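Engineer: Shown below is the structure under consideration.
Every number in this text was worked out from the coordinates using simple rules, so none of it is lab data. Quick caveat: nothing in here was measured; it's all calculated off a predicted structure. Neighbour counts are summed over all protein chains in view; Cβ atoms, including those assigned to glycine, are modelled from backbone coordinates with ideal geometry.
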Amino acid sequence: MKFEALKSVDGPVLASYTGPVPSDSQQYKVFKGPIIKKSKTAAKRFIIAEDEHVNYIAETCDNNDSQCEYMAGIYNERTKTLKFMKVPLCEFGVRVKRARIDKSEEERLETGKQWDRLALEFGSAKARKRIKEKSLYSIDEADLEIARTEYIPSLAAKIASDSRTQEQNSDKRSKSVGKKFDFRPPPHNKDATTPAEVYKLQDVAPDLDDVDVVPLFKAESSEARMDLIPIASPYMKSHLSSAIAANDVQKTKIILYLAYLIAFYRMGEEGQIG
């Protein structure tokens with residue numbers, strides 16, 4: 001049933017209490033009940049008040065069946081007159097509020113589990129499905145605590161250890177690569193009289209084991225082969241073609257290494273690398 005709260009009502013009314021009487025400062029509210037269909041009587045009104053422990057409820061009446069009438073006198077201070085008016089008698093019943101029991105979190109959870117067990121045993125198929133889905137996606141607080149105190153610190157320590165290991169391995173690889181391939185030009189011979197005397201070959205290309213020249217030998221044409229090296233000068237093309245024709249792997253590695261060495265030098269001159 002729906003009740004509509006009224007902001008303005010006709011008054012006053014005469015109150016009769018069959019139990020405890022509220023304080024003089026007690027506030028009251030008037031509600032209009034639902035209109036009953038096929039009924040000639042107007043919707044009933046209810047007067048309600050409440051305090052911390054008790055609800056006071058009265059249904060307004062018109063006193064037509066009463067043996068007497070009740071009057072209320074209203075005295076006007078300004079005009080010094082007294083005005084009487086009929087008032088209905090409203091008998092207030094008392095309803096004690098249900099005591100609220102504050103349960104602990106553990107008790108509340110245990111109560112919920114008991115209700116779930118009852119629903120699984122005697123509930124409908126829909127209720128059982130809902131409870132099973134809830135248990136499937138629920139996370140136990142004890143498991144969370146174990147994860148927080150044990151798994152997460154252990155995982156964090158392992159990640160930190162793996163990161164340090166990766167950094168150490170990376171440093172080792174960098175040092176190894178730098179040792180094998182030092183692209184900085186070596187000191188040249190200022191007293192050289194021929195191009196072959198400017199650099200010693202072992203200083204320019206000290207270790208060529210890791211230089212991959214297989215794609216150069218597999219290239220289908222000289223143009224395709226030159227596309228695989230960074231410097232496509234006539235000198236490189238001539239010497240690379242002769243090395244490939246002679247199936248000289250070592251010479252081919254030296255030419256490819258020198259091509260990259262010159263490319264790095266030019267990029268440094270142009271400011272593309274430090």
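Engineer: Using 0.36 nm per residue of separation minus the Cα-Cα distance, give me the extension gain between L120 and Y70 in nm, one decimal.
Structural biologist: Net length gain for the segment: 12.0 nm.
Engineer: Now for a separate question. Treat each spin label as a single point 7 Å out from the Cα along the C-beta direction, and report the R128 to N189 distance in nm.
Structural biologist: 9.6 nm
Engineer: Starting from 0.36 nm per residue, how many nanometres of slack lie between T149 and E50 once their C-alpha separation is accounted for?
Structural biologist: That works out to 30.6 nm of additional length.
Engineer: Same structure again: In what sequence, highest mean first, do 256-267, 120-131, 220-231 appear when ranked by Cβ atoms within 10 angstrom?
Structural biologist: Going by the mean number of other Cβ atoms within 10 Å, highest first, we get 256-267, 220-231, 120-131.
Engineer: Points 7 angstrom from Cα along the Cβ direction at K113 and Q27: gap in nanometres?
Structural biologist: Result: 4.4 nm between the two label points.
Engineer: Hey, another quick one. Going by amide H atoms built from the backbone, whose H comes under 5 Å of the H on C90, apart from near neighbours?
Structural biologist: For C90, whose amide H was placed from the backbone, the distant partners under 5 Å are L14, A15, S16.
Engineer: Now for a separate question. Give me the number: length gained by fully extending V214 to S241, i.e. 0.36 nm times residue separation minus the C-alpha to C-alpha distance, one decimal in nm.
Structural biologist: That works out to 8.3 nm of additional length.
Engineer: Which entries in the list K134/K158; K200/K251; K44/K86; K32/K86 go over 25 Å, if you measure between the two C-alpha atoms of each?
Structural biologist: K134/K158
Engineer: Read phi for every residue in region 236-245 and hand back ³J(HN,Hα) as whole Hz from Karplus 6.51 cos²θ - 1.76 cosθ + 1.60, θ = phi - 60°, with x for Gly and Pro.
Structural biologist: 5, 5, 5, 6, 5, 5, 5, 5, 5, 5
Engineer: Using r as the Cβ-Cβ distance of V249 and R164, and R0 as 25 Å, what FRET efficiency do you calculate, to the nearest 0.05?
Structural biologist: Efficiency at R0 = 25 Å is approximately 0.05.
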